[in-house]
Amino acid sequence: MATVESKAPASSGDLKIVKDATCTFCGCVCDDIDLTVENNHITKAQRACVLGKAWFLNHEIEDKPSCLVDGQPATLEEGYDRAAKILVAGKYPIIYGLSDSPSEAQRVAVSIADWLDGTIDTTTSVCHGPSGMAFQGVGEVTCTLGEVANRGDFIMFWGSNPAESHPRHFTKYSLMPKGMFLPNGRKDRTCVIVDVRKTKSAKAADIFLQIKPRKDFEALWTLRALAQDIELDANRVQKETGIELAVWQDLMERMKAAKFGAIFFGMGLTMTRGKHANSEALLALTRDMNSHTRFVAKPNRGHGNVTGADNVVAWRTGFPFGVNHNRGYPRFNPGEYTTSDTLANGEADCGMMIACDPMANFSQPAREHLGSIPYIALDAKETPTTRAAAVAFTVATYGINTGGTVYRMDDVPIPLRPAFESPHPSDLVVLENIEKRVKMLRGVQG
Amino acid sequence: MSDLIKIYGGSVYDPANGIHGEVRDLWIEGGKIVAQASDPSAPVNRTIDASGMVVMPGGIDMHCHIAGPKVNVARKMRPEEKRRAERVKRTAITHSGTMGSVPSTFATGYKYAGLGYTTAFDAAIPPLAARHAHEEFEDTPCLDKGFYVLMGNNHYLMKAIKDNEPQKLKAFVAWLLGSAKGFAPKLVNPGGVEVWKQKQAGNVHGIDSMVDHFDVTPRQIISQVSQAAEALRLPHPVHIHCNNLGMPGNWETTLESMKALEGRRGHITHIQFHSYGGGDGDENTFNSKVVPLAAYVNSHPNVTVDVGQVLFGETTSMTGDGPLGYFLSNVYGKKWFSGDTEMESGCGITPIKYKNKSLVHALQWAIGLEWYLLVEDPWRVVMSTDHPNGASFLAYPQIIRYLMDRTYRQDVLKTCHPLVGKRSTLADIDREYTLSEIAIITRAGPAKILGLKNKGHLGPGADADITVYTPHENKEIMFEMPRLVIKAGRVIVEEGEMRESPVGKTLYVAPEYDLELEPDIQDWFEKYYSIRWRNYPVDLSYMHDPEVVGMRS
């Protein structure tokens, strides 16, 4: 296992400071948090945002068994055995989640899916999956967040509300930093926010454009047309987008005049009408803008290591999510092998849910089917998903109790520095033990 | 303790030790080649009859793209080529995977091993993403691996050059290699990628163009980094992707880049892409300039090259050369990825297809072959396709056939665009490679150029990485399916069947540097990077089986 300090310092009553700890609450993956730890409690989380503070300061070790089988306390060994038997007995096993686990654990999860000839999918399929599909269509012009901090003089957020979802995005990466080519920080940047409602982020913007709901695609194509000096019917533009053509024209002038523009987009774009077509329009607009100046785009990813999940699944299978191994080799088909579909279609006959809560947030048919099949759940907390699991493991929390590697939303890999040990096993340890048994039962020696 | 193995009766090609096809017995013990068993009474675990076979050291790919952010983006971006590609099914000892031009990690390891290759170096890793490359390496079995660290557009490096502070530069190169746990300094379009980050279609246009804001030239970067690398005595001093890749008329930039080394050792990579005459973007003027460039290489022993052979078919272009990616995406009009890494590097990816009826593509194919055939000393030219840029590494057996069989070569040339014969010298070259020369350009030579003392030969002390081939008149058939592949003393492939899939070692360097200069690097780092100083260096826990390669004496 790879990590800077993979084992947390042994707990003692002493006060302890963990410097440069990494917060895994959101895709910003801030790695500059100084934690004060007293008696296995984090009492201070310096530099953490409101979400990060809640993540660190409210962290409690669950006072419940590390393993429950059929709702009853069991030893870990019993849990591993039962978990492996359930998975091996299935004809259509699915493994889902992964976005709140370190990449080391994600790798083992993909191995298990491979040995089972099973299906592996991540929470990407319900957040930025459409962006992943759009990426396969047109590509992406992008950069690491430090490039935006040092060069970005035009910053646009589309269907994304970082003030509430990624609170340090503005201060650490996109708006406030004084960068190499932006000595005056915020004063050197123009901020534009496009959304269907006036979010809390809107007040950070120099220009806020409230477009009509479900009209992101039309708005983006308006900009694409203007980027290429195509004449548009002003009445129609206003009718479709809810914004006057002159406003779009002014925006395009500003975009062309920028030296380095960046567009961050969120689920307000990817999960509304149009889905991957919206993401594709935004990525294509960014590409078009590179005929005029430098422009980049970046999805604002939510979960701490959802980007790592995309990477690990891709390097091992060739595809980023929604991968089926039923024929003994990886196949990719979003809409067919994605978990909300394998469940709602009643295809999966057993599963493993890793650090995710489909019982709380999937559609009713999907939840009903999941409730009808035996499955294993791994989570640091009790959730509707762990409650209905045949085998439920309470695992240590990554970044607080265990080490490993996390990929920030811009694909930068960052090590974790745990604060204190948990009595519960890490998801890596649980998955390794399940893998060992699955391999034995399936006759795998590799 | 691994097995004691004896391989007897084979025709051994071990050019590093002056052995050219003589029948010799080989002993393997503890994963190494030994002169004889340490205990003559010890039972031999396996005796391999190699009578009538050809025995060579394991192949070494010194320039390929197999791991890290760029490669993985290409995997994500190209689902369309995987369904109709060969299927890599899971077995009782191997993982499943996908092929296409950018295979998944496990498939990459198995396929290299299947060709008799046991060592490979990824050519372009941004140090900020080094951890990612190491993680993929652990999932890329059967190979010993290392990578080159992108630094030709690094801000600190350019500033140290501008400020004329060679001691700082030397310390920085060492610190950066050590932080990334990388193997060698890599310059990609030195200076040009930084200009790309600054403005629309930005690039430098020659070796003496000034890099905006940093006030240095590519020539200064090449010269100063090669000096620092020499002072550090790095095993592979500097690996250079020249400016102006792919542009008609770029041969002069390439020549000047070699001159910028001023006699110091340096490796010019995928030189095929840098050997073009013509100009003004006019396809009709495009021609080969291998003759004058090879003449320079032939008379300058400090310069080594690998080819970057193009073969006809579909593939994916991937490069740390951001402006090149932009150029190619405009030429081909396909999907395009560009990714800039703060303070360090860029990246461009786009699908491409090389066609034999295209004059430019057919010339690129011919120019690659000219390079193999016109460099007189095989120790200084290395086989590469710049996988997957020119073609997949799976094309190596085909290239061997082109080099060993001039009739085949000429027959294929006849199917190409008719002007290729006039714009290159390929039609006039009779040279055919011998098996010894093939062993040099695929194993012994790259090991020597990389400073790997335990690789590329079969003398006592060498890593027991060995490939046994069944001779065949058609050299493509001979080299595409070895009879046996041995990695660190274990038989991993027999007749195309995987027997074992060890993870393999990570090869890296740990040069020493003046620690008093580190605070200056830290000050710069903390001012501009988006991650913390302490979270940047990769520690040893990321490396499965690390091996430090020593400095040159």
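The values are calculated or read from the model by the stated rules, or taken from the named source; none is laboratory data. Note that this is a predicted model, so its numbers are computed, not measured. So basically every Cβ, Gly included, is an ideal-geometry build from the backbone, and we count neighbours across all protein chains shown. These area figures cover heavy atoms from the full protein model, side chains too; ligands, DNA and RNA do not enter into them. Shrake-Rupley method; radii C 1.70, N 1.55, O 1.52, S 1.80 Å.
Which whole-percent values make up P(r) of the range A:281-392 when all C-alpha to C-alpha distances are grouped in 5 Å steps starting at zero?
2, 10, 15, 17, 18, 15, 8, 6, 4, 3, 1, 0
Could you sort the peptides A:146-152, A:253-259 by per-residue average Cβ neighbour count (10 Å cutoff), highest mean leading? Mind showing how you got there, number by number?
Numbers: A:146-152: 26.1, A:253-259: 16.7.
In descending order of packing, they fall as A:146-152, A:253-259.
Please get the size of the charge dipole for chain B, origin at its Cα centre, with Cβ charges of +1 on Lys and Arg and -1 on Asp and Glu, quoted in debye to the nearest 20.
1060 debye
Using a 1.4 Å probe and counting only protein heavy atoms, arrange A:SER279, B:SER51 so the residue with the most accessible area comes first.
Sorted descending by solvent-accessible area, the residues read B:SER51, A:SER279.
Can you give me the long-range amide H partners of B:THR316? Hydrogens built in the peptide plane at 1.01 Å from N, cutoff under 5 Å, separation of 5 or more residues or another chain.
The answer is B:ILE352.
What does the charge count around B:PRO446 come to, taking other residues whose C-beta lies under 15 Å from its C-beta (Lys +1, Arg +1, Asp -1, Glu -1)?
Numbers: positive: B:LYS145, B:ARG265, B:ARG380, B:ARG443, B:LYS448, B:LYS453, B:LYS455; negative: B:ASP14, B:ASP61, B:ASP122, B:ASP144, B:ASP306, B:ASP377, B:ASP386, B:GLU437, B:ASP463, B:ASP465.
Around B:PRO446, the surrounding residues sum to -3.
Could you tell me the extents of the range B:116-260's C-alpha atoms along the three principal axes, largest first, rounded to whole Å?
43, 37, 29
Tell me, what ³J(HN,Hα) does each residue in the range B:293-300 have, in order and in whole Hz, if you take phi through Karplus 6.51 cos²θ - 1.76 cosθ + 1.60 with θ = phi - 60° and put x for Gly and Pro?
5, 5, 4, 5, 4, 4, 9, 10
How high is the relative contact order of the range A:129-299, in percent, with contacts defined as C-alpha pairs under 8 Å that are six or more residues apart?
Reported relative contact order: 33 percent.
Partner chain Cβ atoms within 10 Å, averaged over the residues of A:411-423 - can you pull that number for me?
Numbers: counts 8, 12, 13, 5, 10, 1, 3, 0, 0, 0, 0, 0, 0.
Per residue, the number of nearby Cβ atoms from other chains is 4 on average.
From the phi angles alone, apply the Karplus equation (6.51, -1.76, 1.60; θ = phi - 60°) to the range B:177-188 and give each ³J(HN,Hα) in whole Hz, x where the residue is Gly or Pro.
4, x, 5, 7, 6, x, 10, 8, x, 10, 10, 10
For chain B, what's the relative contact order in percent, using C-alpha pairs closer than 8 Å and at least 6 residues apart?
Numbers: 1348 pairs, mean separation 110.8, N = 553.
Contact order relative to length: 20 percent.
Go through B:LYS145/B:LYS414; A:LYS259/B:LYS334; A:LYS298/B:LYS335; B:LYS168/B:LYS527; B:LYS259/B:LYS448 and tell me which ones have a Cα-Cα distance over 27 Å in this structure.
The answer is B:LYS145/B:LYS414.
At 1.4 Å probe size, with the rest of the protein present, what percent of the exposed accessible area of the range A:206-353 is carbon and sulfur atoms?
C and S fraction of accessible area: 46 percent.
Would you work out if the range B:225-372 is rounded, prolate or oblate? Take a ≥ b ≥ c from the square roots of the eigenvalues of the alpha-carbon gyration tensor; rounded if a/c is under 1.5, else prolate when a/b is larger than b/c, oblate otherwise.
Oblate is the answer for the range B:225-372, as a/c is 1.5 or above yet b/c matches or exceeds a/b.
If you take the charge dipole of the range B:117-213 about its Cα centre, with +1 on Lys and Arg Cβ and -1 on Asp and Glu Cβ, which of B:GLY178, B:CYS142, B:PHE121 is farthest toward its positive end?
B:GLY178
Can you give the Rg to Rh ratio of chain B, both from alpha-carbon atoms, with Rh computed by the Kirkwood formula?
0.95
Residues with amide H under 5 Å of B:LYS181's amide H, sequence separation 5 or more or different chain, H placed in the peptide plane at 1.01 Å from N; which?
HN-HN under 5 Å from B:LYS181: B:VAL538.
Keeping all protein chains in the complex and leaving out DNA, RNA and ligands, what accessible area do you get for B:SER345 with a 1.4 Å probe, in Å² to the nearest 10?
About 0 Å², rounded to the nearest 10.
With a 1.4 Å probe and all protein chains left in place, how much accessible area per residue does the protein assembly as shown have, in Å²?
That works out to 33 Å² per residue.
What accessible area, in Å² to the nearest ten, does a 1.4 Å probe give for B:THR285?
50 Å²
Put +1 on the Cβ of every Lys and Arg and -1 on every Asp and Glu Cβ in chain A; which of A:GLY90, A:MET180, A:HIS166 then has its Cα farthest towards the positive end of the dipole?
A:MET180
Ignoring ligands, DNA and RNA, how do A:THR397, B:THR434 rank by accessible area with a 1.4 Å probe, largest first?
If we order A:THR397, B:THR434 from most to least accessible, we get B:THR434, A:THR397.
Within 10 Å of each Cβ of B:75-83, how many other protein chain Cβ atoms are there on average? Can you show the working numbers first?
On the way: counts 9, 13, 9, 3, 10, 2, 1, 7, 3.
Per-residue shielding by partner chains comes out at 6.
For chain A, what is the relative contact order in percent, using Cα pairs closer than 8 Å and at least 6 residues apart in sequence?
27 percent
Given the -39500 (n - 2.57) contribution per DSSP H run of 4+ residues, what per-residue ellipticity at 222 nm results for the protein assembly as shown, rounded to the nearest 500 deg cm²/dmol?
The helix contribution divided over the protein assembly as shown gives -9500 deg cm²/dmol.
What's the buried accessible area, both sides, between A and B using a 1.4 Å probe, rounded to 100 Å²?
Working: alone 18270 and 20360 Å², together 32890 Å².
The A and B chains share an interface burying roughly 5700 Å².
What is the diffusion coefficient of the protein assembly as shown in µm²/s, taking the Kirkwood radius over Cα pairs and the Stokes-Einstein relation at 4 °C with a viscosity of 1.567 mPa s? If you can, show how the numbers build up before the last one.
On the way: Rh = 29.2 Å.
Stokes-Einstein gives a translational diffusion coefficient of 44 µm²/s.
Could you state the principal axis extents of the C-alpha atoms in the range A:199-251, from the largest down, to the nearest angstrom?
Result, largest extent first: 34, 20, 16 Å.
What are the residues whose amide H is under 5 Å from the amide H of A:GLY242, where those residues sit 5 or more places off or on another chain and H is modelled from the backbone?
Result for A:GLY242 returns A:LYS212.
Work from the charge dipole of chain A (Cβ charges, +1 for Lys and Arg, -1 for Asp and Glu, about the Cα centre) and give the residue of A:THR307, A:GLY242, A:ALA396 farthest towards its positive end.
Looking along the dipole axis, the top candidate is A:GLY242.
What do you reckon, how do A:LYS53, B:LYS111, B:LYS76, A:LYS203 stack up by accessible area (1.4 Å probe), largest on top?
Final ranking, largest accessible area leading: A:LYS203, A:LYS53, B:LYS111, B:LYS76.
Could you tell me the calculated FRET efficiency between B:GLU376 and A:GLU77, based on Cβ-Cβ distance and R0 = 56 angstrom, to the nearest 0.05?
Details: r = 67 Å, r/R0 = 1.19.
With a Förster radius of 56 Å, E is 0.25.
Quick check for me: using +1 on Lys/Arg Cβ and -1 on Asp/Glu Cβ, what's the dipole size of the protein assembly as shown about its Cα centre, in debye to the nearest 20?
Taking the Cα centre of the protein assembly as shown as origin, the dipole is about 1360 debye.
Roughly how many Å² of A:HIS166 are accessible to a 1.4 Å probe, to the nearest 10?
Here the residue's solvent-accessible area equals roughly 10 Å².
If you roll a 1.4 angstrom probe over the protein chains with everything in place, what fraction of the accessible area of chain B belongs to carbon and sulfur, to the nearest %?
49 percent
Average partner chain C-beta neighbours within 10 Å, per residue of B:96-106?
5
What is the antiparallel percent of DSSP beta bridges lying wholly in the range A:129-299, to the nearest 5?
So the antiparallel bridges amount to about 5 percent of the total.
Could you give the dipole magnitude of the range A:129-299 about its Cα centre, charging the beta-carbon of Lys and Arg +1 and that of Asp and Glu -1, in debye to the nearest 20? Display every interim value, and only then the final one.
Values: 25 positive and 18 negative charges, 133 e Å.
The calculation lands at about 640 debye.
Considering protein heavy atoms only and a 1.4 Å probe radius, which residues within the range B:497-537 exhibit an accessible-area decrease of no less than 30 Å² in the full assembly relative to the chain by itself?
B:TYR528, B:SER530, B:ILE531, B:ARG532, B:ARG534, B:ASN535
Excluding B:ILE207 itself, what net charge comes from residues whose Cβ is under 14 Å from its Cβ, given Lys and Arg +1 and Asp and Glu -1? Before the final figure, lay out the partial values.
Numbers: positive: B:ARG219, B:LYS259; negative: B:ASP208, B:GLU252, B:GLU256, B:GLU262.
Its environment carries a net charge of -2.
Over all alpha-carbon pairs in the range A:129-299, figure out the percentage whose distance exceeds 23 Å.
Here the tail beyond 23 Å accounts for 34 percent of pairs.
Could you run the Karplus curve 6.51 cos²θ - 1.76 cosθ + 1.60 with θ = phi - 60° over the range A:133-150 and give me ³J(HN,Hα) per residue in whole Hz, x for Gly and Pro?
Per residue, the Karplus-derived 3J(HN,Hα) values read 6, 4, 4, 5, x, 10, x, 6, 10, 8, 6, 7, 5, x, 5, 5, 4, 8 Hz.
For the range B:1-94, what D do you get in µm² per second when you plug the Kirkwood radius from alpha-carbon pairs into Stokes-Einstein at 4 °C and 1.567 mPa s?
75 µm²/s
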